[in-house]
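The values are calculated or read from the model by the stated rules, or taken from the named source; none is laboratory data. As the structure is a computational prediction, the values presented were derived from the model and not from experiment. Cβ: placed from backbone, ideal geometry, glycine included. Neighbour counts: every protein chain shown. What goes into the accessible areas is simple: the full protein's heavy atoms, side chains included, and nothing from ligands, DNA or RNA. Shrake-Rupley method; radii C 1.70, N 1.55, O 1.52, S 1.80 Å.
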Amino acid sequence: MEPFASPDQLDSELRSFLDDTCSELCNWFAATGKSSPLPVSKKNVEVAPLYEGFSRQDLLEDLKIIMAGAYRPSHPGALAHLDPPPLTSSIVADLVCAGLNNNLLAHELSPSFSKLERNVCKWIADQFDFPSSSGGVLASGGTISNLMALVIARKKAGLQTDAKAVILASSDAHISLLKSIGVMGLSRESFVKVSTNNDGQISIDSLRIELNKLREKGQKCFAVVATAGTTIRGAIDPLLEMSRFCKSEGLWLHVDGAIGGVFGLVDSTSSLVKGISLANSLSINPQKLLGVAKTSSLLLVADRADLMSTFGTEMPYIEPSIGDDFHGGEAGLQGTRPADVLKLWMGLRQLGEKGIESLLQNAIDRRRYLQTLIDESNFEIASGPLHLIALTPKKLDKELSSSWSIKTRKDLLDNNFMVSRPLYKERYYLKIVLGNPHTSKTHLNELSEILNQSLFK
Ligand SMILES: *Cc1c(COP(=O)(O)O)cnc(C)c1O
């Protein structure tokens, strides 16, 4: 087999390779429901290339071994994390992206995609009612989007060389913030955690108190981070109040909307993230609930010029960018980047407004339904307005909740339900993420039965 497709004629080898592989992939999907979400992989593959290269049949045999051991997000019991099945348009788009192999680094390496990325970011910013100066850039994951936002915020505050500069975010905020400040050369103390209320939302009073404490110590804050959809329970910080607070204090407001941001895309759910339009920057992850294949994350900024002024370097080995636009490689942290925008754009178009609405609403409805089935006299429930719910038996200490969670997670896995086991407020919870469109009421009935019974075992 020729390793590169012919540029002159239809490459029948590639055609057969794709046909056979696509059949395998479709078979893999078709067999998902009959297995476990988390298969036990018994076979290993050889790693080193042999002297003679493999035929496509040999490659496919190896591929099948890896596929058999892969996690199955399409299994109706795959409820542990924020990793739903991929939209079918995503599968097609990723295949085409690999074929076209364009590079979002520069216009001349991705003419149609660079334009598409700019326009898709603009459309999304408009959905959030961001100002007309806004824009964005795609990134491989919410961690990178959050990091870019904090780097921009720190530069805008002029605190790049201040080793004591801090960010303020709730104690339920995502660990990517901690990672980001580490990358930015700051210590753990630069992540000032603000306490939350009983609903898992940041307390504005505590925010004010923490800011005053910092000021008394002479420390400066370069960003307040609001979380729209916390990772354990899907709580949404009070965005309107936080934006008012930040405005009056002259602070940058970043909204980490990796989970909940997408609810702002359509009218029927946008009230959940009211105030999001007032953020200086916003991360969203269509790779989570929307089902756009990994990776799909973007950073939006109220002023698009901030991207270039933070990350622009000039690229002396590349032709100048077109018009007032700038190269992707100067709009963010990443250099070479795949055209992730294709699957995002195709995914949004495949779903349509109606499809997006029902995907979001159904996820919330599944969480609500499950919540009605949980025996609240025995469980403490941590949830919010979105599609996540976490629970732990009442009155157990850390150790007992740990053994309960380990045993129950295993019982659930034996019944083909996969949930996760976060440590939250000094106790272990079982967390269920209801973003999987294949999970039916029947599945939830079965799941809740096992949960309710777990206390009597
Ligand atoms: C998932 C998540 C992130 C990080 O996103 P990655 O794509 O995993 O890097 C950031 N913030 C929140 C709230 C998240 O849930």
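How would you order 145-156, 193-204 from highest to lowest mean count of nearby Cβ atoms within 10 Å?
Details: 145-156: 23.8, 193-204: 17.9.
Per-residue mean Cβ counts within 10 Å order the peptides as 145-156, 193-204.
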Hz values of 3J(HN,Hα) by residue in segment 312-317 - Karplus curve (6.51, -1.76, 1.60), Gly and Pro given as x: x, 9, 6, 10, x, 9
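For the chain, list the DSSP H helices whose alpha carbon atoms reach 20 Å or more along the long axis and whose average Kyte-Doolittle value is -1.0 or above? Each step should come with its number before you reach the end.
Values: long enough: 12-30 (27 Å, -0.12); 111-127 (25 Å, -0.64); 142-157 (22 Å, 0.65); 341-373 (40 Å, -0.24); 398-414 (24 Å, -0.92).
What comes out of the filter, once short or polar helices are dropped, is 12-30, 111-127, 142-157, 341-373, 398-414.
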Contour excess over end-to-end distance, with Cα ends at Ile65 and Lys179 and 0.36 nm allotted per residue: 37.6 nm
For a test of the definition: using alpha carbon positions, the gyration tensor, and the 1.5 limit on a/c, classify segment 141-263 as rounded, prolate or oblate. oblate
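A 22 angstrom limit on the alpha carbon distance is what I want to check against. Which of Lys155/Lys179; Lys398/Lys431; Lys64/Lys407; Lys394/Lys425; Lys220/Lys247 exceed it? Intermediate values should be presented prior to the final figure.
Details: Lys155/Lys179 18 Å; Lys398/Lys431 16 Å; Lys64/Lys407 32 Å; Lys394/Lys425 13 Å; Lys220/Lys247 16 Å.
Table pairs above 22 Å Cα-Cα are Lys64/Lys407.
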For the peptides 96-107, 427-438, 70-81, what is the packing order when you average, over each peptide's residues, the other Cβ atoms within 10 Å and list the highest mean first? 427-438, 70-81, 96-107
Run the numbers for Lys220 and Asp11: contour at 0.36 nm per residue of separation, minus the present Cα-Cα distance, in nm. 69.2 nm
Which residue, Leu207, Ile152, Phe29, has the largest displacement toward the positive end of the dipole of the chain when charges sit on each Cβ (Lys, Arg +1; Asp, Glu -1)? Leu207
Could you pull out every one of the lysines with an alpha carbon less than 19 Å from that of Lys115, ignoring same-chain neighbours closer than 8 positions? Lys343
With θ set to phi - 60°, apply the Karplus curve 6.51 cos²θ - 1.76 cosθ + 1.60 along segment 253-267 and write out the HN-Hα couplings as whole Hz, x wherever there is a Gly or Pro. 10, 9, 9, 8, x, 4, 9, x, x, 4, 5, x, 6, 10, 4
Using every Cα-Cα pair within the chain, state what percent have a distance larger than 40 Å. 25 percent
For Cys246, Cys26, what's the largest-to-smallest order of accessible area, 1.4 Å probe? Cys26, Cys246
By how many nm would the segment from Asn198 to Trp28 grow when fully extended, if each residue of separation counts as 0.36 nm and the alpha-carbon distance is taken off? 56.9 nm
Would you calculate the separation in nanometres between label points at Met315 and Glu399, each defined as 7 Å from the Cα along the Cα-to-beta-carbon direction? 5.8 nm
In the chain, what percentage of the DSSP-assigned beta bridges are antiparallel, given to the nearest 5? 60 percent
Quick check: Cα centre of segment 88-143 to Cα centre of segment 275-321, how many Å? 9 Å
Taking the alpha-carbon centre of each part, the distance from segment 225-260 to segment 377-397 in Å is 23 Å
Residues of type aspartates and glutamates that Lys395 reaches as a straight line, Cα spacing below 18 Å, ignoring anything fewer than 8 places off in the same chain: Asp375, Glu376, Glu380, Glu426
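Defining a contact as two alpha carbons under 8 Å apart and six or more residues distant in sequence, what relative contact order in percent does the chain show? Provide the component values of the computation, followed by the final result.
Details: 805 pairs, mean separation 92.1, N = 457.
Normalised by residue count, the contact order of the chain is 20 percent.
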